[in-house]
Amino acid sequence: MANPNKAKGTRWEVSVASFLRERGFTEVFRLAPAGEYDAGDIGGLPKFALECRDRQSFNLAENVKDANNRAKHKNCPFGVAVLKKRGASVEQGYVVMDLDTFSRILQKLEGDES
């Protein structure tokens, strides 16, 4: 791969997908980029659009906005950004979302428990 940043991002996406499969989400896979109508970086989670980022520094507002846009393209309720923590293993990465998304996930979880 000619672009080192693209290769780094692809490695992070593959690592996230592998981690989720190891945790029992067996249908998870890395999605190929789809340009303007990109539905995120990880497939196999119908209610979530995951936007993976491996960068030196992050613009949280932009990353969350991108994740929410991916959720719209995928026609699913929840968009989250999955950010690589420098010098740490994949499970120590961060999952970032806006408060609205978080509250809707909580509502869904609370509704499932009753």
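The values are calculated or read from the model by the stated rules, or taken from the named source; none is laboratory data. All of these numbers come straight from a predicted model, not from anything done at the bench. Note: ideal-geometry Cβ built from the backbone for every residue, glycine included; neighbour counts use all protein chains shown.
Assorted remarks:
- Residue pairs meeting the criteria (Cβ under 9 Å; at least 6 apart or on separate chains; first in contact (Cβ under 8 Å) with a residue 40 or more places away in the chain, in the stretch 1-12; second part of a helix (DSSP H, G or I)): 12/90
- Number of positions in the stretch 14-39 that are acidic (Asp, Glu), modelled with pLDDT of 95 or more and not in a loop (DSSP other than H, G, I, E, B): 1
- Output for the stretch 40-74, where each listed residue is farther than 16 Å from residue 105 by Cα, of a type outside the set (D, E, K, R) and assigned to a loop (DSSP other than H, G, I, E, B): 40, 44, 56, 57, 58, 59
- Residue 112 being closer than 18 Å to residue 10 by Cα, of a type in the set (Asp, Glu) and at pLDDT below 95: no
- Residue-level analysis places residue 20 outside the set of residues that are in contact with an Asp or Glu (Cβ under 8 Å, 6 or more places away or on another chain), within 15 Å of residue 93 (Cβ to Cβ) and buried (at least 17 other Cβ atoms within 10 Å of the Cβ).
- Yes/no for residue 27 being acidic (Asp, Glu) and in contact (Cβ under 8 Å) with a residue 40 or more places away in the chain: no
- For residue 104, the stated conditions do not hold, so it cannot be described as basic (Lys, Arg) and in contact with a Leu (Cβ under 6 Å, 6 or more places away or on another chain).
- Filtered residues of the stretch 75-107 (kept if assigned to a helix (DSSP H, G or I), in contact (Cβ under 8 Å) with a residue 40 or more places away in the chain and either basic (Lys, Arg) or surrounded by 13 or more Cβ atoms within 10 Å (Cβ to Cβ) (or both)): 90
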